[in-house]
Structures are given as C-alpha cells and as structure tokens.
Amino acid sequence: MSTAPEAKKPAKAAKADVKAEPKVTAKSKAKAEAAAAEKAAAAAAKPAKAPKAAAAKKPAAKKADAAKRPAHSESRLAQVLIAPIVSEKATMAAEKHNQVLFKVMRDATKPEIKAAVELMFKVTVDSVQTVQHKGKTKRFAKGVGRRDHVKKAYVCLAAGQELNFSGEGA
C-alpha cells in the first residue's frame, strides 16, 4: 500500500523542479550582465572602508568628547562635600589605607568628589570609592518614618598626605 503514494511523490516533485527553473533568454542575460556592471561601477566609485581605520577613529572621538566637556564648576564642587565622617571605622580606614570618609551629595560622581577634595584641601587624591547607604525604617510615636539615604565617599590620599580638619596650621 505504501509504495504507490511514494512513487507518485517523486514524479510530482520532478515536475515542480522543471517549472521552477526560469527560462534563460538573450534579454535576461543582457539584463543580468548590465546589472552586474552597474554594481561593479558603483563599488569602484565608493571609497573602500577599512575596519581597522574605523576602529582607530572611535577612541579619538571619545577623547575629543572628553576635551569638550566642561570642567567641574567651583560652585558645584563646593556643594559636593557635605561633611567629614568621624567614627571608629573612619579612623581605622585612615590608619590602614590612608583614606578619609566624607558624606557627599547623592548625585555626586567620583570625578566630582576627587576634584572637590583636591580643590578644598590642596591634596592629591589617588582614588575614590563610594557607598550608597539606604536609610533605615524606624517607628516613631505617631507612625513609621525613615532616616535619610546617605552616600559616603572613601577618598584615598597619596602617600605621605593627610587632611587637617581642625584648621590649625593651614
């Protein structure tokens, strides 16, 4: 039973293949050759793009963008640092890693914090690390409240430099 339908299928497929092949005429050959000639002429007219050259241009563009960016304004830098943090943990960080902790504005960036510390205290900053500290939810007499969110900055000073918060000897 199964041999008769299978025998019919190849015959139908062979007929479909014959119909699918386009007839090649002299006009169609001429059109194909003309189209190929136009593509070749268009490709020759366009300058060839080298992928290496394009990759080399991108970093240069980034450097140019960095040069165009405005420097941090002094009024903004004066507002970035809110207060120094004086605690046991801050003292240990100062002794071990020559770091100073600051409470900073929540939208302050690391480059802004670095520039602000260098401007205010006339020191050289090696690196800045930041921590977003979420405020705790607390219960009060009239309901629930929450402490403010705080952003802390661990500012690592260059070797041999320190900050003087007391104002003496400045």
| said: I'm trying to understand the selection: among the residues of the range 134-155, which are of a type outside the set (Phe, Trp, Tyr) and surrounded by 15 or more Cβ atoms within 10 Å (Cβ to Cβ)? | reply: Val150, Lys151, Lys152, Ala153, Val155
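Here is a yes/no grid of residues against (1) within 27 Å of the chain's Cα centre (by Cα); (2) surrounded by fewer than 13 Cβ atoms within 10 Å (Cβ to Cβ):
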{"position": "Glu74", "(1), (2)": "yes, yes"}
{"position": "Leu77", "(1), (2)": "yes, no"}
{"position": "Ser87", "(1), (2)": "no, yes"}
{"position": "Met92", "(1), (2)": "no, yes"}
{"position": "Glu95", "(1), (2)": "no, yes"}
{"position": "Met105", "(1), (2)": "yes, no"}
{"position": "Lys110", "(1), (2)": "yes, no"}
| request: Search the range 88-105 for residues that are β-branched (Val, Ile, Thr) and pair each with any residue that is in a helix (DSSP H, G or I) and surrounded by 12 or more Cβ atoms within 10 Å (Cβ to Cβ) when their beta-carbon atoms are under 7 Å apart and the residues are at least 6 apart or on different chains. | output: Val100/Ala94; Val104/Val80; Val104/Ile113
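Read-outs throughout are calculated quantities, based only on the coordinates presented, and are distinct from any laboratory measurement. Bear in mind the structure is a predicted one, so any value in this text is a computation, not a measurement. Glycine gets a Cβ as well: all are built from the backbone with ideal geometry, and neighbour counts include every protein chain shown.
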